[in-house]
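Here the structure is laid out as structure tokens; the discussion comes afterwards.
The values are calculated or read from the model by the stated rules, or taken from the named source; none is laboratory data. Values in this document were obtained by computation on a predicted structure and should not be read as measured data. Here Cβ is always computed from backbone atoms with ideal geometry, including for glycine, and neighbour counts include all displayed protein chains.
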Amino acid sequence: KEVVLSGIRATGNLHLGNYYGALSKFVKMQNDYDCLFFIADLHALTTNPDPDALHENVKNILAEYLAAGIDPEKATIFVQSDVPEISEMYLLLNMHVGIGELLRTASFKDKARKQLGLGAAGADDDIEKQIIGSDTNKRVNAGLLTYPTLMAVDILIQKAHKVPVGKDQEQHLELTRRFARRFNSFYGVDLFPEPENFNFGDHAVKVPGLDGSGKMGKSEGNCVYLIDEEKVLRKKVMRSVTDEGPKEPNQPISQPVENLLTLMELTSAPEIVQSYRDAYADCSIRYGDMKKQLAEDILKVTTPIRERYHDIRNDEAYISRVVRQGAERARERAAKTLEEVRQVMGIRKF
Ligand code: TYM
């Protein structure tokens, strides 16, 4: 069986972007592949580390994995920091990663911009100057720069073939493939497969937020969370951004409305989505109705997850059992790969 591995950072509760980009794929894949799903708690330390919240966040996401339907008997569920082999291999792989390729990574530039308070428009030159300048670099740490190395190690140490992630992670996967190729060819070995994204449709998903602009994201404040209470969820959707309504027949659909239709495409029946597209085209669209429909259809997906979530989250003994068992399995496999890597790199024990 092909190996599947994916993870989610422990930075808060999961939203519809995480669900459609990642978690829903995990649930579907567990029957057909050798699956490992983990919580990236070390990655969560690269921005705004919060020791009081970290462990709670890890438990929340574990409960969300289980509530969404990941079965610990079918898939291995573990926490990244429970597998110290990952940290060792991260050090080793970093010896084959260029600073330049890390500095050019889009997610690094975005996050560095935010940490430096530069805003989306900050020019790349400004970022580099500020990073190299002495006191601001405290806010952009080396862990953030080497984020792609750590992610590549998560994947390579399990020799994964498929890595179900959303569109925003595709550049990281591209780097992982490059590192795998480079390592294999430098040492003349065939240790690592080159992993690919996995989608049920033909393209990677980018779930938009409710604010009419870009993607749904924890730091954007435009999220619908899987565990949002019904009332909260309805209110958020009813307040989502649209436009003033089409002025003439067949005009192109504005970005904010297109975003809501994209969400609908994920949650609602195709005929319903088409009926709203038609209503936009003939200027009869009523956003209130459309939002009500969207909220109902999202709730159909999230309600069962939310209900199971609270029970599971309260059963800490169960959560601990699941991750202890998962850590054991994940470590055993990781230790094998790490030993191969050490051998290949010439690190010998006395
Ligand atoms: P993270 O924690 O930012 O997001 C977890 C997953 O959710 C997806 N996602 C989205 N997909 C579509 N639309 C959105 N609006 C949206 N927002 C989030 C992400 O693509 C991701 O699949 N670097 C990873 C965590 C990670 C990892 C790994 C993943 C660490 N090591 C190894 C796979 C394999 C991350 O930050 O995801």
| said: Cβ contacts < 8 Å: first residue at pLDDT 95 or above and of a type in the set (Lys, Arg), restricted to the range 1-30; second residue within 7 Å of the ligand (Cβ to nearest atom) and assigned to a helix (DSSP H, G or I), any location; separation 6+ or different chain. Result? | reply: Arg9/His43
| Residue list for the range 289-319, restricted to those being under 23 Å from the mean Cα position of the chain (by Cα) and among the polar types (S, T, N, Q) | Thr302, Thr303
| said: Among the numbered criteria (1) outside any loop (DSSP other than H, G, I, E, B); (2) among the β-branched types (Val, Ile, Thr); (3) within 11 Å of the ligand (Cβ to nearest atom), which one does Val232 miss? | reply: (3)
| message | Please list, ordered by residue number, the helices (runs of 4 or more DSSP H) wholly in the range 1-102 having 3 or more residues that are closer than 20 Å to Lys159 by Cβ and away from the ligand (no atom under 11 Å from the Cβ). | response | 84-94
| note | Of (1) closer than 29 Å to Gly346 by Cβ; (2) in contact with a helix residue (DSSP H, G or I) (Cβ under 9 Å, 6 or more places away or on another chain), His161 satisfies every one except (2)
| task | Being touching a residue at least 40 places away in the same chain (Cβ under 8 Å) and part of a helix (DSSP H, G or I) is the filter; apply it to the range 268-289 and report the residue that is surrounded by the fewest Cβ atoms within 10 Å (Cβ to Cβ). | result | Gly288
| Members of the range 176-227 that are farther than 25 Å from Lys159 by Cβ, hydrophobic (A, V, I, L, M, F, W, C) and touching a residue at least 60 places away in the same chain (Cβ under 8 Å) | Val205, Val207, Met216, Cys223, Val224, Leu226, Ile227
| request: From the list Arg308, Arg342, Arg313, Arg321, pick out the single residue that is more than 30 Å from Tyr225 (Cα to Cα) and part of a helix (DSSP H, G or I). | output: Arg342
| field | Selected residue [under 30 Å from Glu265 (Cβ atoms) and either within 14 Å of the ligand (Cβ to nearest atom) or not in a helix (DSSP H, G or I) (or both)] from Leu144, Leu175, Leu150 | value | Leu175
| task | Answer with yes or no whether Val224 is under 18 Å from Asn18 (Cα atoms) and near the ligand (Cβ under 10 Å from one of its atoms). | result | no
